[in-house]
Amino acid sequence: MAPTTHLALINVFIGDIQGGLGPFLGTWLAQMRQWSPSQIGLVTTLVGAGTLLLSGPFGALVDRLGRPRLLIVISCAAILAGTLLLMPAHTFLPVLAAQFLAAAGGTLLLLAVTALTLGVVGKEAFPRQQGRNQAFNHIGILIAAGLITFGTAHFGAEIAFWVLGGMAAAAIAATLAMPARAFNRRRAAGWKEEDEAEPARSSYAQIFTNRRLLVLAVALALFQLGNGGMLTLLGQKLVHTADNPTAWTARYVMVAQLVMVPVALAAGSLADRRGRRQLLLAACLALPVRAALSAFIDDPVWLISAEILDGVASGIIGVAVPVVVADLTWGSGRTQTALGTVNAVQGAGGALSAWYGGLAQEWFGWSGSFLALGAAGILALALVWWLAATTEDGRSQRRRTRREERRRAARSAEKPA
């Protein structure tokens with residue numbers, strides 16, 4: 001098989017396993033262990049905070065080690081072990097440790113797969129391949145969700161463990177089957193492949209003081225602040241406005257994932273043709289529109305339109321962010337370090353989103369809470385519009401450039417006189 005076929009298989013199989021049980025964890029703990037919402041929420045919060053702190057160091061590990069296939073195998077094994085350790089766990093600390101192991105594996109997995117993709121296809125083909133990666137990733141999520149949905153009736157809640165275990169084992173097999181020569185470490189970092197000596201890596205200070213990277217991280221944190229908790233808040237609203245809110249929430253998740261598949265493929269192609277900046281602008285614009293639809297529509301059927309926009313925005317972000325980070329750090333030898341740090345910053349915004357939306361709901365009601373989430377998206381849109389968050393100049397930078405060109409032209413015209 002071609003190396004890109006191996007990448008496709010890896011992304012299908014890791015689609016469901018990146019966060020361990022993920023959304024099924026709370027359901028399983030409540031149903032099988034009779035845990036309270038506060039206990040489940042505390043475990044989720046502690047695990048989320050811990051993995052955010054690990055994201056940057058894990059990126060540095062991927063950059064330094066230069067063996068993403070090995071790290072993918074280790075990550076999948078950690079996710080599998082952490083998930084299986086949940087089965088005999090009953091008390092708080094064993095559950096926390098098991099879920100943290102699985103979530104840490106998921107954090108490392110995303111960075112290792114990005115590095116492997118860069119090392120296989122190179123920088124020029126990376127946007128299109130990242131679009132394919134994300135499309136296959138969402139297909140994997142849909143397959144796993146379908147298996148769990150239909151399998152629960154026959155095998156009970158434990159089916160989630162077996163589906164995850166099977167996909168983790170398949171991801172390991174697909175990774176080991178990829179020929180080692182398909183990955184080129186220099187190609188993954190943007191270094192000349194014919195050089196004998198390995199170039200010096202950029203310092204951490206150069207990476208973390210990169211102005212465009214900082215603007216990108218802040219814009220993404222604002223985007224996730226508005227996006228992260230919106231579906232959760234919508235599910236709570238449906239409890240008051242619709243029959244069978246759980247079923248509607250599940251449908252919305254499926255709709256969003258289905259939309260992400262063609263959007264990811266299109267985004268990978270458009271990243272080169274239309275530019276990275278326009279992709280980020282489109283994603284940020286979709287968020288406040290989705291928020292407005294969620295605020296003023298009560299009919300659950302028509303609310304599907306809001307979740308279509310969720311698929312559009314999330315599908316674009318999943319493709320655009322690794323591509324932009326690679327653009328901004330190419331040749332530095334620190335691409336995954338930067339990506340891990342950016343992921344941590346935007347993850348922090350997502351972690352605060354449910355709290356922010358819930359607080360806004362208490363103060364302003366349902367419509368006001370969604371508009372408050374949409375306001376964060378507008379701020380993200382303004383940052384990307386006015387400031388440079390990609391290798392392309394933002395609006396303010398283009399205005400400064402034009403002023404400088406006019407000044408130089410004026411000075412050149414004065415010299416002969």
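Nothing in this text is a laboratory measurement; each read-out follows from the coordinates by a stated rule. This one's a predicted model, so the numbers in the text were calculated from it and none came from an experiment. Here the Cβ positions follow ideal geometry from the backbone for every residue, glycine too, while neighbour counts run over all protein chains shown.
Fully extending the segment from ARG411 to MET254, taken as 0.36 nm per residue of separation minus the present Cα-Cα distance, adds 50.5 nm. The modelled label-to-label distance between ASP272 and HIS154, using points 7 Å beyond Cα along the C-beta direction, is 4.4 nm. Per-residue Karplus couplings for region 220-237, computed as 6.51 cos²θ - 1.76 cosθ + 1.60 with θ equal to phi - 60°, are listed in order as 5, 4, 5, 4, 6, 4, x, 8, x, x, 5, 5, 4, 5, 5, x, 5, 5 Hz, Gly and Pro entered as x. Dipole magnitude for region 364-413: computed about the Cα centre from +1 point charges on Lys and Arg Cβ and -1 point charges on Asp and Glu Cβ, it is near 540 debye.
Taking K and R as +1 and D and E as -1, what net charge do the other residues with C-beta under 12 Å from the C-beta of ALA180 add up to? With Lys, Arg at +1 and Asp, Glu at -1, the net is +4. Each Lys or Arg adds one and each Asp or Glu takes one away; over the other residues whose Cβ falls under 13 Å from the Cβ of TRP248, this sums to -2. Out of PRO288, PRO57, PRO322, any idea which swings most in a Gaussian network model of the chain, alpha carbons joined below 10 Å? So, out of PRO288, PRO57, PRO322, the one fluctuating most is PRO57.
Using Cα pairs closer than 8 Å and at least 6 residues apart in sequence, work out the relative contact order for the chain, in percent.
23 percent
For region 177-186, just list the computed ³J(HN,Hα) in residue order, Karplus coefficients 6.51, -1.76 and 1.60, θ = phi - 60°, integers in Hz, with x standing in for Gly and Pro. Once rounded to whole Hz, the list reads 6, 5, x, 4, 5, 5, 9, 10, 4, 5.
Dipole magnitude for region 219-355: about 420 debye, using +1 per Lys or Arg Cβ and -1 per Asp or Glu Cβ, origin at the Cα centre. Each of GLN361, ILE207, HIS154 was placed along the dipole of the chain (beta-carbon charges, centred on the mean Cα), and the one lying farthest toward the positive end is ILE207. Near LEU116: Cβ cut-off under 12 Å, other residues only, Lys/Arg at +1 and Asp/Glu at -1. The net charge is +4. Using just its DSSP H runs of length 4 or more, each adding -39500 (n - 2.57), the chain gives a mean residue ellipticity at 222 nm of -28500 deg cm²/dmol after division by all residues.
Once you mark the GluC sites (Glu not before Pro) that are in a DSSP loop and have at most 13 other Cβ atoms within 10 Å, what is the longest gap between them in the chain? Segment 197-417 is the longest.
Using R0 = 45 Å, the C-beta based FRET efficiency linking ALA173 and THR241 works out to 0.45.
Return the whole-Å distance between the Cα centroid of region 258-316 and the Cα centroid of region 329-380. Cα centroid of region 258-316 versus Cα centroid of region 329-380: 16 Å apart. Annotation for ALA97 and ALA292: the two label points, set 7 Å from Cα along the Cα-Cβ direction, are 5.2 nm apart.
Dipole magnitude for the chain: about 1720 debye, using +1 per Lys or Arg Cβ and -1 per Asp or Glu Cβ, origin at the Cα centre.
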